[in-house]
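Some notes on the structure that comes next.
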Amino acid sequence: MAEAAEAPADVPPKKGLLGRIAVPLILLVGGAAAGAAGAIFMPTLMPMPAAEKPPEPEVAPLQYVEIPTPFTANLKDTGRFVQVKIAISTQGGQPVVDAVERHRVAIVAEVLGVLTDTSEEQLATAAGREALTRRMRLGINDVLQRKSGIAGVDDVFLTSFILQ
């Protein structure tokens, strides 16, 4: 009878309620944590396929358009005058170049308006001439926006400058 009371040696001991719940719970939480870590870190480790990359915006090459008309205007509050020739630069492509050509008369009028609102003191310094070209750019873009819905002049350059 002593033999019947002994348990077989190859049978594992019984687990309690805690052992039956804790092990699957630990495996479940660990798997969820590993999945979350993979979701967070894998996109940064793996490059996006070429089809999913957003297209890069196309930038037209820089173009220069010279305005052949020399601009001559009396300066504000003096008997002196200024004569300039200008060129513009744009990366807006052919639509902007076409708009500049199409609305050249309005651009000439705008630039003359900017020049007549300029004083001799403003043109005496490089900073004043830079402010003049900035005002010209804003005026030209305003004309283009009103006339054709395109305002793509990036810069205005003085290609000739005479102050008398």
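Selection within region 48-86: residues that are surrounded by fewer than 15 Cβ atoms within 10 Å (Cβ to Cβ) and small (Gly, Ala, Ser). The member of this set that is modelled with the highest pLDDT is 79. Restricted to region 137-164, and to residues that are among the charged types (D, E, K, R) and assigned to a strand (DSSP E or B), which residue is nearest to residue 66 (Cα to Cα)? Within region 137-164, the match that is nearest to residue 66 (Cα to Cα) is 155.
Give the residue that is surrounded by the most Cβ atoms within 10 Å (Cβ to Cβ), with candidates limited to residues of region 87-116 that are small (Gly, Ala, Ser) and under 30 Å from the mean Cα position of the chain (by Cα). Per the criteria, the residue is 99.
The values are calculated or read from the model by the stated rules, or taken from the named source; none is laboratory data. Keep in mind it's a predicted model, so treat the numbers as computed, not measured. Note that we place each Cβ from the backbone using ideal geometry, even for glycine, and neighbour counts take in every protein chain shown.
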